[in-house]
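Student: Please find one structure pasted underneath; my questions will follow.
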Amino acid sequence: MDVIVVGEYERAFYRNQFALMAPPFERYGVQLWMPETAGPVDFTAETHEQLMFNLGIQSKREITRTRIRVSTAMAA
């Protein structure tokens, strides 16, 4: 069995990438483990799907904040 372990959600999925990747993971028997789910993500559980959607939004927000900070620092 193949397993992907994600330590920080910001580095895993951006926006809707989880929705695109969950079907191939499930099809090929790849488990996804994240601290936010305290173990493997259940690709069929609506609560896990909603959690991953929310983490994708937070990830997008963090990337945007980082981009602004870097641009501001470079301009200074």
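Student: Reported to two decimal places, what Rg/Rh ratio describes the chain when computed on Cα atoms with Rh from the Kirkwood expression? Don't jump to the answer; show the numbers that get you there.
Tutor: Working: Rg = 14.6 Å, Rh = 13.4 Å.
When Rh is taken as the Kirkwood radius, the ratio is 1.09.
Student: Next up: About the Cα centre, and with charges only on the beta carbon of Lys, Arg (+1) and Asp, Glu (-1), how big is the dipole of the chain? Nearest 20 debye, please. Could the numbers behind the result be given before it?
Tutor: Working: 8 positive and 9 negative charges, 113 e Å.
Value, rounded to 20: 540 debye.
Student: Of 29, 19, 47, which is farthest on the positive side of the dipole of region 1-73, counting Cα position, with +1 on Lys and Arg Cβ, -1 on Asp and Glu Cβ, and the Cα centre as origin?
Tutor: The one lying farthest along the dipole's positive direction is 19.
Student: Based on the mean of other beta carbon atoms within 10 Å per residue, what is the order of 51-63, 16-28, most packed first?
Tutor: Details: 51-63: 16.0, 16-28: 13.5.
Final packing ranking: 51-63, 16-28.
Student: How would 4, 68 rank on accessible area, largest to smallest, probe 1.4 Å?
Tutor: Numbers: 4 70, 68 100 Å².
Order by accessible area, largest first: 68, 4.
The values are calculated or read from the model by the stated rules, or taken from the named source; none is laboratory data. Computed from a predicted model, the values in this text were never measured in an experiment. Positions of Cβ are generated from backbone atoms using ideal geometry, with glycine treated the same way; all protein chains shown enter the neighbour counts. Heavy atoms of the whole protein, side chains included, go into the accessibility calculation; ligands, DNA and RNA do not. Shrake-Rupley method; radii C 1.70, N 1.55, O 1.52, S 1.80 Å.
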